[in-house]
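Read the figures in this text as sums done on the coordinates, not as results from a lab. The model shown is predicted, which means the values in this text are computed figures rather than measured ones. All Cβ positions, even for glycine, are placed from backbone atoms using ideal geometry, and neighbour counts span all protein chains on display.
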Amino acid sequence: MDLAPTRAAALARLAAFLPAAGRRYAETRNADDGPRAEGRGNVSQLSPWLHAGVISETEVLEAVLGQHSPRAAEKFIAEVFWRIYFKGYLEQRPAIWADFCSGRDGAVAALDANAGLRKAYSEAVEGRTGIEAFDVWALELVATGYLHNHARMWFASIWIFTLKLDWRLGADFFLRHLKDGDAASNTLSWRWVAGLHTKGKHYLARADNIARYTAGRPEGALDAARLAGDEAEPLTEPQEYARQKLDLPAPVAAADLAKPFALLLHDEAAHHAPLALPAAPALVIAAARPEARSPHAPGTHALAFAKGALAGGMAEAAAAFGCPAVEWRAGEPLAPLLAAAGVERIAVPYLPTGWTRDALAPDLATLGEPGRVVTLLGDLDRATWPLAKAGFFGVAKAIDNLLAECAIHGGAVPASTRS
Ligand SMILES: Cc1cc2nc3c(=O)[nH]c(=O)nc-3n(C[C@H](O)[C@H](O)[C@H](O)COP(=O)(O)OP(=O)(O)OC[C@H]3O[C@@H](n4cnc5c(N)ncnc54)[C@H](O)[C@@H]3O)c2cc1C
């Protein structure tokens with residue numbers, strides 16, 4: 001399977017996976033059959049490209065509905081909406097991300113100060129705990145940059161309830177190594193496993209469940225003896241995260257981009273095609289900040305994917321629009337890049353809560369004058385995020401309406417050369 005961080009590879013993977021996106025996905029998606037050169041047969045593995053904005057949820061849903069009825073593809077469609085739900089939820093509670101970052105920094109400092117804790121942490125991230133399944137996944141994550149969803153749930157559960165390590169260190173380990181490492185899906189999934197997202201409802205890994213759903217791995221079913229039992233209590237925290245009102249940008253029309261403008265590509269919007277810009281930019285600016293995801297260095301695969309997606313996206317945008325492209329490096333001011341190209345405005349794909357916003361928003365704010373920054377947000381996010389108020393159910397029950405509202409009825413996989 002071509003896991004290159006390119007749009008061509010994303011579209012090829014989408015096309016290859018499509019036949020399995022219907023009932024087969026619903027029936028087989030829970031099995032962790034292990035990494036395979038040809039790609040896993042039962043899940044799409046599209047998440048790295050989705051996270052990087054190399055392909056959009058809308059494009060994936062269009063293609064799936066082009067081959068399957070909404071009922072047959074119900075489960076797959078719902079999973080794609082989980083991603084959008086988590087984004088919308090965190091957008092309405094950004095303090096969860098801020099508290100995660102400060103809590104993680106505190107947990108890292110505690111590691112430095114406590115040799116016993118440091119040893120337990122090292123054993124976990126180096127796959128030396130003696131719990132076979134957990135150790136296999138720790139090594140697999142570092143070696144491949146991907147874990148199956150079920151493996152992520154079991155891993156997080158064992159980390160929190162059996163190894164009793166700080167959940168924020170585990171979430172940080174995932175963010176550093178996952179090619180799809182995403183502030184919303186990752187932080188909120190770890191919180192969900194811990195019993196913090198749905199208060200009091202935690203996820204406990206069980207050895208029989210792990211053995212059953214890992215039986216198709218090349219090495220056979222994974223063993224997970226001595227896990228925390230049903231008596232393990234969910235985590236609690238003193239904070240109550242009140243929902244703050246969303247302030248979403250209006251759809252952008254060609255008139256908003258009538259004057260020469262620059263297009264900013266970033267870690268979560270690395271390709272221009274999913275943005276469907278109503279006008280052509282005079283300059284492409286690429287801002288890669290993958291190191292901002294953690295105080296620790298990112299893993300090789302996560303880093304290479306993020307950097308490759310932006311380098312490729314920058315080159316393809318420059319070619320598609322016939323304009324120059326520049327890199328906006330960390331620590332450099334943005335304004336001189338705009339001035340040198342003679343452009344006033346910059347079109348910025350929405351910076352979601354997380355490290356991408358933390359790294360880029362302060363510089364964008366220094367551009368001064370309102371109106372210089374034109375924020376781009378897709379229709380599907382604009383329609384779905386307001387529904388991500390509490391549990392997923394609020395989104396789930398609206399999926400048919402959301403698809404209709406966003407005119408997602410089913411189409412072909414986009415051609416890789418399309419701009
Ligand atoms: C502890 C934990 C941490 C996670 N961290 C991340 C993360 O950093 N980034 C990330 O993208 N996903 C994360 N997930 C969600 C999920 O595991 C991955 O999105 C999924 O495994 C990606 O593989 P896939 O593309 O083959 O998914 P498929 O099963 O093929 O699903 C299609 C798409 O739907 C979305 N999706 C599927 N399941 C979920 C889910 N449970 N939550 C949110 N979106 C989902 C993804 O975008 C995925 O590409 C995490 C889950 C857990 C339990």
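Counting other C-beta atoms within 10 Å, which of Ile131, Ile408 has the fewest, and how do the rest follow?
In order of increasing Cβ crowding within 10 Å: Ile408, Ile131.
Separation of segment 113-154 and segment 171-203 by C-alpha centroid, Å?
15
Once amide H atoms are built 1.01 Å from N in the peptide plane, which residues 5 or more positions from Ala347, or in another chain, come under 5 Å H to H?
Under 5 Å from the amide H of Ala347: Ala262, Leu263, Leu264, Val374.
Using the Kirkwood formula on the Cα atoms of segment 259-308, what hydrodynamic radius do you get, in angstrom to one decimal?
With all distinct Cα pairs of segment 259-308 included, I get 12.4 Å.
When all C-alpha to C-alpha distances in the chain are sorted into bins of 20 Å, what percent of pairs does each bin hold, rounded to whole numbers?
26, 59, 15, 0
Classify segment 1-147: rounded, prolate or oblate, from the alpha-carbon gyration tensor (a ≥ b ≥ c, eigenvalue square roots; a/c under 1.5 rounded; otherwise prolate if a/b is larger than b/c)?
Judged from the Cα gyration tensor, segment 1-147 comes out prolate (a/c at least 1.5, a/b above b/c).
Taking a ≥ b ≥ c as the square roots of the Cα gyration tensor eigenvalues, with a/c under 1.5 meaning rounded and otherwise prolate when a/b beats b/c, else oblate, which class fits segment 278-389?
Note, shape of segment 278-389 comes out rounded.
Using alpha-carbon positions, what is the distance between the centroids of segment 275-339 and segment 42-76, in Å?
Centre-to-centre (Cα) distance: 25 Å.
Set the Förster radius R0 to 51 Å, insert the Cβ-Cβ distance between Ser69 and Thr375 as r into 1/(1 + (r/R0)^6), and round the FRET efficiency to 0.05.
0.90
Quick check for me: using +1 on Lys/Arg Cβ and -1 on Asp/Glu Cβ, what's the dipole size of segment 254-376 about its Cα centre, in debye to the nearest 20?
Magnitude of the dipole: close to 40 debye.
In whole Hz, with x marking every Gly and Pro, tabulate ³J(HN,Hα) for segment 212-219 from phi via Karplus 6.51 cos²θ - 1.76 cosθ + 1.60, θ = phi - 60°.
Karplus values, whole Hz, x for Gly and Pro: 5, 8, 10, 4, x, 6, x, 8.
Report the one residue of Gly39, Ala113, Tyr89 whose Cα lies farthest in the direction of the positive end of the charge dipole of segment 1-147 (charges on C-beta: Lys and Arg +1, Asp and Glu -1; origin at the Cα centre).
Tyr89
Can you tell me the length gained on complete extension of the stretch Glu27 to Asp2, counting 0.36 nm per residue apart and subtracting the Cα distance?
Stretched out fully, the Glu27 to Asp2 stretch lengthens by 6.5 nm.
Under 1.5 on a/c is rounded, so check that first for segment 95-213, then, if it is not, pick prolate when a/b is larger than b/c and oblate when it is not; a ≥ b ≥ c are the square roots of the alpha carbon gyration tensor eigenvalues.
Since a/c stays below 1.5, the shape of segment 95-213 is classed as rounded.
Taking H placed 1.01 Å from N in the peptide plane, check which residues at least 5 places from Glu327 or on another chain put their amide H under 5 Å from its amide H.
Ala286
Which of the aspartates and glutamates could a cross-linker span from Lys164 if the Cα-Cα distance has to be under 12 Å and same-chain partners fewer than 8 positions apart are dropped?
Partners found: Glu233.
DSSP H helices in the chain with Cα extent of 30 Å or more along the helix axis and mean Kyte-Doolittle hydropathy at least 0.0?
Those that clear 30 Å and a mean of 0.0 are 300-321.
Longer than 21 Å from Cα to Cα, which of Lys87/Lys389; Lys87/Lys259; Lys119/Lys179 are they? Say none if no pair is.
Lys87/Lys259; Lys119/Lys179
Taking only C-alpha pairs under 8 Å that are 6+ residues apart, what is the relative contact order of the chain in percent?
Relative contact order for the chain comes out at 23 percent.
Hey, can you rank 216-225, 374-383 by average C-beta count inside 10 Å, highest first?
374-383, 216-225
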